[in-house]
Amino acid sequence: MYILNLKTTEIIEHFKEDFYSKIYPYLILSTACELKLLKDILDIDEITFNDCLEFDENIKLDLFDNYDFLSLNTCELSGNEAKIEEVNMYLSDNFILVICEEDNFLYDYIKSMILNNSKLQKHYNSSSLYKISYLIIKNIIIHEFENLEKVEDMILDLEDEIMEGTDDEHILKINYIRSLTRTLVKNIRPLLYLGDRILKDNFRYLKYSDMKKSNLDNLQSIDFGIDKLYSFALSTRELADKLLDIYSSKVAEQTNDIITKLTLLTAISAPLTIITGIYGMNFKFMPELNLYYGYPLTIGIMFIIVLCGIIIFKIKKLL
């Protein structure tokens with residue numbers, strides 16, 4: 001657990017029961033297991049407390065008298081897997097409490113903000129808490145953009161591989177990437193609800209006239225960023241779906257190439273079939289059968305026919 005008193009600049013890295021005073025603003029970083037230590041101190045209600053302890057795919061924005069509760073999911077690409085993790089935030093007039101696991105990217109971001117960001121410590125004013133919440137949500141959006149960019153690079157790399165030649169592993173990779181993009185879209189879509197509710201409902205940081213004007217611009221930028229993020233997610237999913245078309249097209253192209261070569265082989269061997277068919281007939285009078293050089297002459301003619309066929313098809317770039 002990490003606690004920053006924005007007024008006194010005191011940083012608390014280990015929990016103290018007497019750390020909290022309503023006259024001071026705080027930025028608090030906690031895991032779900034540590035939340036029980038803060039429940040009574042910050043007067044956290046039972047429903048949202050239980051929500052923080054259990055994973056829930058639904059995004060929530062609940063407005064209370066003492067604070068606003070925000071619950072959303074983030075996606076972490078680890079190797080070849082997409083890991084969905086829950087992040088919960090309590091936004092109050094005098095504290096911001098963020099609950100996430102220690103392996104979540106947001107944990108490191110807020111920890112760094114508490115320990116290293118001197119601007120937050122030295123320039124506190126009435127809108128500092130809002131600015132911190134804005135930076136946190138903005139960082140989440142940026143992180144999702146980075147995830148989509150990674151997936152887009154995976155799609156482009158796989159597309160280059162397919163264009164060089166297909167194999168059985170490609171279809172497995174395509175199915176994985178398509179599943180991954182659908183997971184990302186499913187995770188990002190609820191953020192649209194979040195952006196709309198922040199602007200339409202009586203969100204805490206829009207209640208105060210002295211802060212509303214500046215805050216509204218930033219909240220609108222968040223809503224705009226979420227819209228762009230969702231559009232990017234949809235376009236990435238479309239790119240992933242097109243991989244299957246590219247793969248099918250490449251397989252069809254290779255199949256057509258094989259059929260073309262078989263057709264050319266048939267065309268080259270057709271005259272040979274005619275010659276063998278003629279001299280395979282059992283007529284009694286066939287003068288060529290008595291020629292001393294008849295056999296090598298026939299073989300030579302057949303070789304010339306094959307050679308001419310290959311040269312002709314090479315010139316026409318069919319071979």
key: Per-region count, segment 61-96, residues of a type outside the set (A, V, I, L, M, F, W, C), in contact with an Asp or Glu (Cβ under 9 Å, 6 or more places away or on another chain), over 16 Å from His143 (Cα atoms) and surrounded by 17 or more Cβ atoms within 10 Å (Cβ to Cβ)   = 6
query = So, in segment 279-319, of the ones that are aliphatic (A, V, I, L, M) and loosely packed, with under 10 Cβ neighbours inside 10 Å, which residue ends up farthest from Thr266 (Cα to Cα)?
reply = Met281
note = Pairs returned, first residue in segment 155-172 that is part of a helix (DSSP H, G or I), second residue that is small (Gly, Ala, Ser), beta-carbon separation under 6 angstrom, 6 or more apart or interchain, are Ile155/Ala240
inquiry  = Against the condition of a type outside the set (Lys, Arg) and either free of Cβ contacts under 8 Å to residues at least 12 places away in the same chain or on the phi > 0 side of the Ramachandran plot (or both), how does Tyr247 come out, does it pass?
reply    = no
note = Of the candidates Ser78, Ser71, the one satisfying the condition of being small (Gly, Ala, Ser) and over 19 Å from Ile28 (Cα atoms) is Ser78
remark   = Considering residues that are at pLDDT below 85 and either of a type in the set (Asp, Glu) or under 23 Å from Leu42 (Cα atoms) (or both), the number found within segment 69-93 is 3
message = Kindly evaluate Ala252 against the criterion of being free of Cβ contacts under 8 Å to residues at least 60 places away in the same chain, part of a helix (DSSP H, G or I), over 30 Å from Thr183 (Cβ atoms) and out of contact with any strand residue (DSSP E or B) (no Cβ under 8 Å at 6 or more places or on another chain).
response = no
query = Condition test on Ile198, is it part of a helix (DSSP H, G or I) and modelled with pLDDT of 85 or more?
reply = no
message = Can you find a residue that is touching a Leu at 6+ places or on another chain (Cβ under 8 Å) and modelled with pLDDT under 85 anywhere in segment 137-151?
response = no
key: The one condition in (1) surrounded by fewer than 18 Cβ atoms within 10 Å (Cβ to Cβ); (2) over 19 Å from Tyr130 (Cα atoms) that Leu35 fails to fulfil   = (1)
message = Go through (1) charged (D, E, K, R); (2) surrounded by 19 or more Cβ atoms within 10 Å (Cβ to Cβ); (3) over 28 Å from Met154 (Cα atoms) for Lys111 and report which single condition fails.
response = (2)
Output for segment 297-316, where each listed residue is modelled with pLDDT of 85 or more and not aliphatic (A, V, I, L, M) = Gly300, Phe303, Cys308
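The values are calculated or read from the model by the stated rules, or taken from the named source; none is laboratory data. As the structure is a prediction and not an experimental result, all values here were calculated from the model. Positions of Cβ are backbone-derived with ideal geometry, glycine not excepted, and every protein chain shown enters the neighbour counts.
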